[in-house]
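Have a look at the structure below, then the notes.
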Amino acid sequence: MRPFARSILAALLPRTSCASQDVGLRIAGFITGASTSGPTPDECYDVVIVGGGMPQPITFTPPPVPELRVSTVTPGSIAVLQTAGAWEQVAAHSSEFRTMQVWDTCSPGFIRWDAQETGAGRMGVVAENTLLQASLLDAAQRSGKRTEFVWPAEVRALRLPTEDGADRTCSRDGGAADGSGSWGVEAGPRPQHGLAELELADGRVLASRLVVAADGAASRIRSMAGLRTWGWGYGQRGLVATVETAEPSDTAWQRFLPTGPLALLPLRDGFSGIVWSGPPELATALERMGPAEFGAAVNQALRDPPTSPLPILGLGQGAGSSSGPLGFLGAALQRWGPALGGGGGGFQEPPLVTGWAGAAPRSFPLQLKQSGRYVLPRLALVGDAAHAVHPLAGQGVNLGFGDARVLAEALAGAVEAGADPGDAQVLADGYEAPRRRAVLTMVAALDGVKKAFEVQAAPLAALRGAGLGLINAVGPLRNGIMQYAMMGQA
């Protein structure tokens, strides 16, 4: 997950204490590292949140040009930020988008969403990751709860009780900085307190009722715990850039190219952000381009006309005869669309990109990675530590916000009922089960969309265009998809 995972949990978690029920929540959050085994605990916490990232100020000072790494935050996640007390600063420095347009390179089919059709004022906001982190850290410090930040810190060992009541020491020999390497789980002497233990590089040992791993897709805590992952690489890289456009926009644009999706997102102060997924050679070529050349490449990718030899008559940008079954379908939808709750508006051209601004474009490898389990006794994985997804719909961060909300609610329920918040059954029933259902549903949807748009054969591209046109013409279907994306996972 992003570095702000630890701070949103700190702001959302209930009050309790290792020592008593009346002194408030005691939380630690810090940076992870490598491992050996450890001695007796020096400090006791209710929750220790292990997250990646570097310390930063809690007040966001916007740089002249927005940073490369941004997140699309849906209304469901905005509600989480509001509950955490972090929304005010995010709202002041992020950019709203009220409409969204998705279209295909290989057919004239498209979908255009408008938040007003569902009574919402916006579909979401686009915010810099450092803004989200600063806002959440500030909220955690202002929450009045007993939150301690340990920066920097390096985890040298993790000890967890197992389901059978034994204890284990999870250690690592060598391995790469990305979390790969040889990890093992070894039997160890059982601590008398029965809590989780983390040994830090400075020799301190922290005991905790619950350890939350929020340390990203290459989570070392997950590996230390011996949790396996499944998934695959996409053989693609995601390129990000901040660009200037000929005119500002409050629309999120996404076009599916033969090489992968390209998104143009509104940012603060009239800038826009690019997220372009494609093969490594494309990413390398784009990274080497100057500002104007890069802008020309984006404009060509976004504005070239459809290439399909089988146009979907009546469903796309153009018009034509209504011969053939797809043509009759197009004519019928044009005629009966209003009765079906149609709307969505006609196709619009995205704004012209004049070039990249600020930092040069950069890319990163794309992968799907899922942990086989999200919880163990006294351990919970959140965000990318539990599940990393393709960025084509910008849902990764929103899944993480959903994790934080559901875990906080599960812990609040446990505290209210007098139960142990680190109990394996509490974590499995209250957190893992609902989040696994939500995440796997979203994973299946994202992976299905990606695979559907990879097919370039003309007849299948024509059917895909027809499907886009059908969704755009039928209001309840179109708006149902929008509401799921806006609210469903957070």
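The values are calculated or read from the model by the stated rules, or taken from the named source; none is laboratory data. Since this is a predicted model, take the numbers as computed values, not measurements. As a convention, Cβ positions derive from the backbone with ideal geometry for all residues, glycine included, and neighbour counts pool all protein chains shown. For the accessible areas, the whole protein counts, side chains as well, though only heavy atoms, and no ligand, DNA or RNA atoms are used. Shrake-Rupley method; radii C 1.70, N 1.55, O 1.52, S 1.80 Å.
Key figures
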quantity	calculated
Qualifying residue in the stretch 457-467 (condition: surrounded by 21 or more Cβ atoms within 10 Å (Cβ to Cβ), within 21 Å of the chain's Cα centre (by Cα), of a type in the set (Gly, Ala, Ser) and modelled with pLDDT under 90)	no
Failed condition for Pro377, given (1) of a type outside the set (A, V, I, L, M, F, W, C); (2) touching a Phe, Trp or Tyr at 6+ places or on another chain (Cβ under 8 Å); (3) open to solvent by 10 Å² or more (accessible area, probe 1.4 Å)	(2)
Residues (under 22 Å from Asp269 (Cβ atoms) and of a type in the set (A, V, I, L, M, F, W, C)) located in the stretch 116-135	Met123, Val125, Val126, Ala127, Leu131, Leu132, Ala134
Complete set of residues in the stretch 54-70 that are open to solvent by less than 30 Å² (accessible area, probe 1.4 Å) and either modelled with pLDDT under 95 or among the charged types (D, E, K, R) (or both)	Phe60
Residue ranges of strands (runs of 3 or more DSSP E) in the stretch 88-153 with at least 1 members modelled with pLDDT of 95 or more and under 19 Å from the mean Cα position of the chain (by Cα)	95-97, 124-128
Qualifying residues in the stretch 297-308 (those that are without any contact (Cβ under 8 Å) to a residue 40 or more places away in the chain and outside any loop (DSSP other than H, G, I, E, B)) - the one surrounded by the fewest Cβ atoms within 10 Å (Cβ to Cβ)	Gln300
The lone exception for Ala417 - which of (1) touching a residue at least 12 places away in the same chain (Cβ under 8 Å); (2) open to solvent by 10 Å² or more (accessible area, probe 1.4 Å) it fails	(1)
Conditions (1) open to solvent by less than 20 Å² (accessible area, probe 1.4 Å); (2) under 19 Å from the mean Cα position of the chain (by Cα); number of the one not met by Ala79	(1)
Residues within the stretch 200-216 that are surrounded by fewer than 24 Cβ atoms within 10 Å (Cβ to Cβ) and over 16 Å from Glu148 (Cα atoms), tallied	4
Matching option when the condition is surrounded by 20 or more Cβ atoms within 10 Å (Cβ to Cβ) and at positive phi, among Gly85, Gly109, Gly124	Gly124
Those residues of the stretch 352-394 which are basic (Lys, Arg) and under 15 Å from the mean Cα position of the chain (by Cα), in sequence order	Lys369
